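Note sheet for the following structure.
A short reminder: the numbers here are calculations on the coordinates, not readings from a lab. What you see is a predicted model; the values in this text were computed from it and never measured. No Cβ is skipped: glycine too gets one built from the backbone with ideal geometry, and neighbour counts run over all protein chains shown.
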Amino acid sequence: MEIRPLVVSDLPGVAGLYLETFNAPPWNDGWSESAALERLRRYHDMADSVGVVAIEGAKVVGFALGMAERWVGGEHFHLKEMCTSPDRQRTGIGSLVLEELMRILRDRGVEAIYLETRPQSGAAEFYAKNGFRVLNLQSMTRGIDAV
């Protein structure tokens, strides 16, 4: 297995894994291929984007993608998307991807990583196992009303 920085030519494979993961339980999001590819391409194309991909054979089996952001005292990293192939979860791939991402971020002077995920999910358990802690924040959303 190869774990390396994500490049633009990886995006179709990353989008395929994204669909496989987030259109299945427990997420059941309903992504189309074009919408997933556009979302991931937008993140990848941001100036301070950092991504890591795990490839086995010719198949993407894991990735992480987000962007560095200036915070009060330094650089933080917003991990926007991360997943491992559903049939390869709990095999250490996600931890290896996260470890490589953190190595790259340390080299760039990033001080902290933050993310959002559903409480009591397998993802929340994974992040806790890898040293993340729950913040006392509340996620909020609102639709945009027609004028």
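Some points to look at:
- The chain: calculated mean residue ellipticity at 222 nm from DSSP helix runs of at least 4, using -39500 (n - 2.57): -10000 deg cm²/dmol
- Taking 1.306 mPa s as the viscosity and 10 °C as the temperature, the Stokes-Einstein diffusion coefficient of segment 1-40 based on its alpha-carbon Kirkwood radius rounds to 148 µm²/s.
- Packing around the peptides 16-23, 33-40, taken as the average count of other Cβ atoms within 10 Å per residue, puts them in this order, highest first: 16-23, 33-40.
- Share of alpha-carbon pairs per 10 Å distance bin for segment 82-147, given as whole %: 16, 42, 27, 11, 4, 0
- Rg and Dmax over the alpha-carbon atoms of segment 48-113 stand at 12.7, 42 Å.
- Among the listed values [x] 57; [y] 67; [z] 32, the one computed from these coordinates for percent of Cα pairs over 24 Å apart is [z].
- Cα extents of segment 15-72 along the three principal axes, largest first (Å): 37, 27, 21
- Antiparallel beta bridges, as assigned by DSSP with both residues in the chain, represent about 85 percent of the total such bridges.
- The chain - charge dipole about Cα centre, Lys and Arg +1 at Cβ, Asp and Glu -1, debye rounded to 20: 260 debye
- Pairwise centroid distance, computed over Cα atoms, of segment 31-52 with segment 91-147, Å: 17 Å
- Farthest towards the positive end of the charge dipole of segment 2-129, among the residues Leu19, His78, Ala58, is the Cα of His78, using unit charges on the Cβ of Lys, Arg, Asp and Glu.
- Taking the chain and dividing mean pair separation by its residue count, relative contact order in percent (alpha carbons under 8 Å, at least six apart): 20 percent
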